[in-house]
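The values are calculated or read from the model by the stated rules, or taken from the named source; none is laboratory data. Note that the structure is a prediction, hence the values are computed from the model and not measured. Glycine gets a Cβ as well: all are built from the backbone with ideal geometry, and neighbour counts include every protein chain shown. With ligands, DNA and RNA removed, areas are computed over all heavy atoms of the protein, side chains included. Shrake-Rupley method; radii C 1.70, N 1.55, O 1.52, S 1.80 Å.
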Amino acid sequence: AAASQGHISVVLLGATGDLAKKYLWQGLFQLYIDQVNNGHSFTFHGAALTALEPGQRLMFDVLKKLTCPSDEAPNRCAVLKDQFLKLSQYHQLKTAENYTTLNREIETLPPFAYTEIARHINSSCRPAPGAWLRVVLEKPFGHDLQSAQQLAAELTSFFREEEMYRVDHYLGKQALAHILPFRDQNRRFLDPIWNRHHVERVEVVLKETVDAKGRTTFYEQYGVIRDVLQNHLTEALMFLIMELPANVSRAEEVLQHKLHTFQSLWGLEKSSAVLGQYQAYASQVREEQQEAQDYVSTTPTFAGVLIRSASPRWEGVPFLLTSGKALDERVGYARVLFKNRAYCTQSESLRDAGHSQCKPKQIIFYFGHGALNMPAVLVSRNLFRPVMPKDSWTEEVAQSDLRIFGQPLSDYYVYSPVKERDAYSVLISNIYHGRKDFFITTENLLASWGFWTPLLDSISHQPLRLYPGGVDNQRLLDFEMVSGEVAFTLAEPAELMNPNRQMPSDYKAIQSKYRQSLLVSAWPEDLISQLAADIEKAAVRSVAHSGQFHLALSGGSSPVILFQRLARHHFAFPWKHTHIWLVDERCVPLTDTESNFFSLHNHLLQNVRVPYFNIHPMPVHMNQRLCVEEDRGTELYAKDIVALVANASFDLVLLGVGTDGHTASLFPHSENGLEGAPTVVLTESPVKPHQRMSLNLPLINKAKEVFVLVLGKGKHNITTLISRVGHEPKKWPISGVNPSSGQVVWYMDYEALLG
């Protein structure tokens, strides 16, 4: 839009499309009604690829059907509508000349085309200096992190961040838009209870009864996670769990708090989601896209995802995001369910209905549809009477026969908007007033894609649960949480199994021999879960035998998923009696992201309860300098080991292997560390950071057990080579690992083993 002397030109691209017909023109008309007496003049330019005559006809057919709010007098409505039609005109926008013509008129008065349109607007339709330009973009904004980054870079070359308004229409839904104000206005009630000690779970749900018929071309590319979870549901979740800014209407503060929240979330894994597809979907795709009869679609139309946070406020609280098509009802809500700490001695019949402390306690932001069929905010009466702004929300008198989440409506304080407005009207008004906090900034968008892309990659060929659709789904899509993962509650009925369904490989961990030692091989996920289980077994054995478990861990990228697995799934691990040592360390400060200890701390230590004094980082940083011989850090570490570890014999050492055959920080042809007395040494790495500290080979070989973890295709050549050589540590340090009175077990994924 361009403003000069209070004149505003609104250009709507895609003016004859579905979204424009359903919502956008109505939203623009609402803006005109609201602002017509505020001294601004308007013109509305609808534009599309359609030629002038048919385009004009299509557009004016839509405009003639516009409606006024119910509180508008009929004769005033007729006048406003008539004026709006006179101020609106249609333009064909196909060529660069079309854009130039449009710009002349302004001055005198899908998804993939973004870059092209942006270039034309920037070169041909920029307003004169002193006027503002606000460019409104509708999703999809990319397909994954990489495409979103590319699209963002292209748009940034044409528009400044403050000129772009990316629409997520859910942010215009009145109940969702009220989450932050509600939290702000009710701080005194919520401050003590908005945390892991009081909240049992958070659910954000969007159920649809319609299917994807007629939209399968779009849907096949996107699926339910990209279509709904990555944007609408994630945004709602952010408003619920982000730390509350001092000023909730400052867009910049809200954005910063949102970004911090993204950083505090645990990464999603394949086991964080359950996925389904309604039965008729595949045939709809085949029909609409002329696919062959044996075409199998792996696009989910239903997803339930478990998200967890590592923040002190939310650690351990499950956040469930669920959405799907062809379900039994159309409804959307965000629900915070509180833990129930009460025991009520009085019999149920004598309890005061709404206020009994033994009834569930919850706060629900109801987006619309469903049993209530309106936007609403519900608060259990046994929690508190909320503060709500009187001018915009009104308390509803309960209809006794309605039940919400198993409770009569009379158990809640219920508030609905004084004036119900559709999401696009709200957002168009916010664009007009320049309220950026209702829109998705580039940083926010990339943070969200960064969070969801790893899950999307890991499930791209995951088998989906087929469901018949509607009420027939019964309990087929119910799922439950078990130790940080989600799984469907019911086994899949045989008659729904798709004969063409590609099942994941049935290989489990296979055991055999490698270099005369035990070899465990599997797909990475199964391998890591086997390794984590074996480490726990070793720990339990050791604690039973000697009262403690001394574990020495390596750095690098391979152990990261192991650390995460141990932190998330091994609640019986005897951490209290475990001492954590490092096999090697890079000579950088421990707070440097290159540091092995930094990675160990990030992915494991901060998430488990190891006593502080049982953690033994290598002393690489002494006297404000790194790894200097005369600071005698190596001696210090060796002394600690001798003092605490019986016979300097670790219970378990975890090693990796480099593509050159190095292990720990012991490199081929290294001058020290490959022989001599068992101790700790400084070594040189061929790659940066060059300086390292490491346990030497004789000290590693005193261990009771050594586990070697090898992952990925990149390691195939070295594992093949090492399988053929004898004891040649000078050339391949890993070949010198051979505990004098212990055993070695190799854990290799299929790619490392078989290439």
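Fully extending the segment from HIS355 to ALA533, taken as 0.36 nm per residue of separation minus the present Cα-Cα distance, adds 59.4 nm. In the stretch 7-169, one over the average inverse separation of all distinct C-alpha pairs is 17.0 Å, which is the Kirkwood hydrodynamic radius. In this structure, the amide hydrogen of TRP393, modeled 1.01 Å from its nitrogen in the peptide plane, lies closer than 5 angstrom to those of VAL418, counting only residues at least 5 positions away or on a different chain. Calculated accessible area for the stretch 333-443 comes out at 47 Å² per residue, all protein chains present (probe 1.4 Å; ligands, DNA, RNA ignored). Partnerless cysteines in the chain, where a partner means another cysteine C-beta under 4.7 angstrom, comprise CYS125. Taking ILE535, ILE117 and ordering them by how much accessible surface each has at a 1.4 Å probe, largest first, produces ILE117, ILE535. When each of the peptides 272-278, 647-653, 693-699 is scored by the mean number of other C-beta atoms lying within 10 Å of its residues, the order from highest to lowest reads 693-699, 272-278, 647-653.
Only helices enter the 222 nm calculation for the chain: every DSSP H run of n ≥ 4 contributes -39,500 (n - 2.57), and dividing by all residues gives -9000 deg cm²/dmol, rounded to 500. Annotation: amide H of PHE42 within the under-5 Å range of ILE8, sequence separation 5 or more or interchain, hydrogens built in the peptide plane. When the convex hull of the Cα atoms of the stretch 535-688 is projected onto a plane and the area is averaged over all directions, what value comes out in nm²? Over every viewing direction, the Cα hull of the stretch 535-688 projects on average to 9.5 nm².
Dipole check for the stretch 630-755: with +1 at the C-beta of Lys and Arg, -1 at the C-beta of Asp and Glu, and the Cα centre as origin, the magnitude is about 260 Debye. When both the stretch 739-755 and the stretch 217-259 are represented by their alpha-carbon centers, they are found 43 Å apart.
Need the list of lysines near LYS361 for cross-linking: C-alpha distance under 21 angstrom, and skip anything on the same chain fewer than eight residues off. Leaving aside lysines fewer than 8 places away in the same chain, those within reach of LYS361 are LYS339. Scoring 294-301, 656-663 by mean Cβ neighbours within 10 Å over their residues and listing the highest first yields 656-663, 294-301.
Can you tally the net charge around PHE613? Count Lys and Arg as +1, Asp and Glu as -1, for every other residue whose Cβ sits under 14 Å from the Cβ of PHE613. Charge balance in the 14 Å sphere: +1. What is the stretch 617-682 by shape, rounded, prolate or oblate, if you read a ≥ b ≥ c off the alpha carbon gyration tensor as root eigenvalues and call it rounded for a/c under 1.5, prolate for a/b larger than b/c, and oblate otherwise? Oblate is the answer for the stretch 617-682, as a/c is 1.5 or above yet b/c matches or exceeds a/b.
Taking only alpha carbon atoms, the stretch 658-755 gives an Rg to Rh ratio of 0.96, where Rh is the Kirkwood radius. If you wrap the tightest convex hull around every Cα atom of the stretch 121-185 and split its volume per residue, you get 137 Å³.
Just to check I understand the Karplus step: with θ = phi - 60° and J = 6.51 cos²θ - 1.76 cosθ + 1.60, what whole-Hz values come out for the stretch 222-236, glycine and proline as x? With the stated coefficients, the stretch 222-236 comes to 10, x, 5, 5, 5, 6, 10, 6, 4, 10, 3, 6, 5, 4, 4 Hz.
When a/c reaches 1.5 or more, the comparison of a/b and b/c decides; with that in mind, is the stretch 159-219 rounded, prolate or oblate per its Cα gyration tensor? Verdict is oblate for the stretch 159-219. For HIS579, the amide hydrogen comes within under 5 Å of the amide hydrogens of PHE549, HIS550, LEU551, counting only partners 5 or more places away or on other chains and with H modelled in the peptide plane. The charge dipole of the chain, taken about its Cα centre with unit charges on the Cβ of Lys, Arg, Asp and Glu (plus for the first two, minus for the last two), comes to roughly 880 debye.
Read through the labelled values (1) 85, 77, 51; (2) 165, 79, 38; (3) 98, 76, 62 and report the label of the one computed as Cα extents along the principal axes in Å from the structure. Among (1) 85, 77, 51; (2) 165, 79, 38; (3) 98, 76, 62, the one derived from this structure is (3).
Per-atom-type breakdown for the chain gives carbon and sulfur 52% of the accessible area (1.4 Å probe, protein chains only). Each Lys and Arg contributes +1 and each Asp and Glu -1, all at the Cβ; summed about the Cα centre of the stretch 7-169, the dipole is approximately 340 debye.
Only one residue of LEU695, MET618, VAL725 has its Cα farthest out toward the positive end of the dipole of the stretch 512-754, where Lys and Arg carry +1 and Asp and Glu -1 on Cβ, and that residue is VAL725. ASP651 sits among other residues whose Cβ lies under 14 Å from its own Cβ, and their net charge, with Lys and Arg +1 and Asp and Glu -1, is +1. Ligands, DNA and RNA are left out, and with a 1.4 angstrom probe the accessible area of the stretch 512-754 is 45 Å² per residue.
Calculated accessible area for the stretch 217-296 comes out at 38 Å² per residue, all protein chains present (probe 1.4 Å; ligands, DNA, RNA ignored).
Here the Karplus curve 6.51 cos²θ - 1.76 cosθ + 1.60, taken at θ = phi - 60°, turns the phi angles of the stretch 131-144 into couplings of 9, 9, 10, 10, 9, 9, 10, 10, 4, x, 9, x, 10, 6 Hz, with x standing for Gly and Pro.
Taking a straight line from the alpha carbon of LYS688, these aspartates and glutamates sit under 20 Å away, with near neighbours fewer than eight places off in the same chain left out: ASP584, GLU585, ASP592, GLU594, GLU629, ASP660, GLU671. In the chain, taking the dipole from charged Cβ atoms about the Cα centre, the farthest positive-side position among VAL520, GLY547, GLN256 is held by GLY547. The Cβ shell under 12 Å around SER740 holds other residues with a net charge of +2, Lys and Arg each +1, Asp and Glu each -1. Across LYS81, LYS576, LYS731, the residue with the most accessible area heads the list, and the full order at a 1.4 Å probe is LYS576, LYS731, LYS81.
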